[in-house]
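Participant: I am attaching a structure below and will ask some questions about it afterwards.
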């Protein structure tokens with residue numbers, strides 16, 4: 001069974017596809033409205049809000065689920081809590 005989970009922080013969002021207990025694909029995007037792979041200071045010009053990032057994360061997760069025939073898409077607050085301390089900065 002494939003599950004797509006998503007989470008968002010102030011710095012971007014993360015989508016993970018699991019097959020059983022094994023991750024098979026991950027995608028991250030930053031919070032810049034001009035470059036999806038850029039992570040910029042929240043609140044700065046060009047930074048996307050966390051609520052918008054969460055909407056984009058859900059949309060991306062749903063699109064990936066459709067493409068990869070996943071059984072379920074879910075928001076994962078535990079994953080989000082794990083991401084928050086590191087703020088997704090690479």
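Participant: Kindly establish whether residue 26 is surrounded by fewer than 17 Cβ atoms within 10 Å (Cβ to Cβ), closer than 11 Å to residue 4 by Cα, in contact with a strand residue (DSSP E or B) (Cβ under 9 Å, 6 or more places away or on another chain) and in contact (Cβ under 8 Å) with a residue 24 or more places away in the chain.
Facilitator: no
Participant: Quick check: anything in the range 34-49 within 17 Å of residue 68 (Cβ to Cβ), exposed (fewer than 14 other Cβ atoms within 10 Å of the Cβ) and at pLDDT below 95?
Facilitator: no
Participant: Let me ask you something else. Does at least one position in the range 59-72 carry a residue that is in contact (Cβ under 8 Å) with a residue 12 or more places away in the chain and under 14 Å from residue 9 (Cα atoms)?
Facilitator: No, there is no match, as no residue in the range 59-72 is in contact (Cβ under 8 Å) with a residue 12 or more places away in the chain and under 14 Å from residue 9 (Cα atoms).
The values are calculated or read from the model by the stated rules, or taken from the named source; none is laboratory data. Just so it is clear, the model here is predicted, and its values are computed rather than measured. Because the Cβ atoms are built from the backbone with ideal geometry, glycine has one as well, and the counts that use them run over all protein chains shown.
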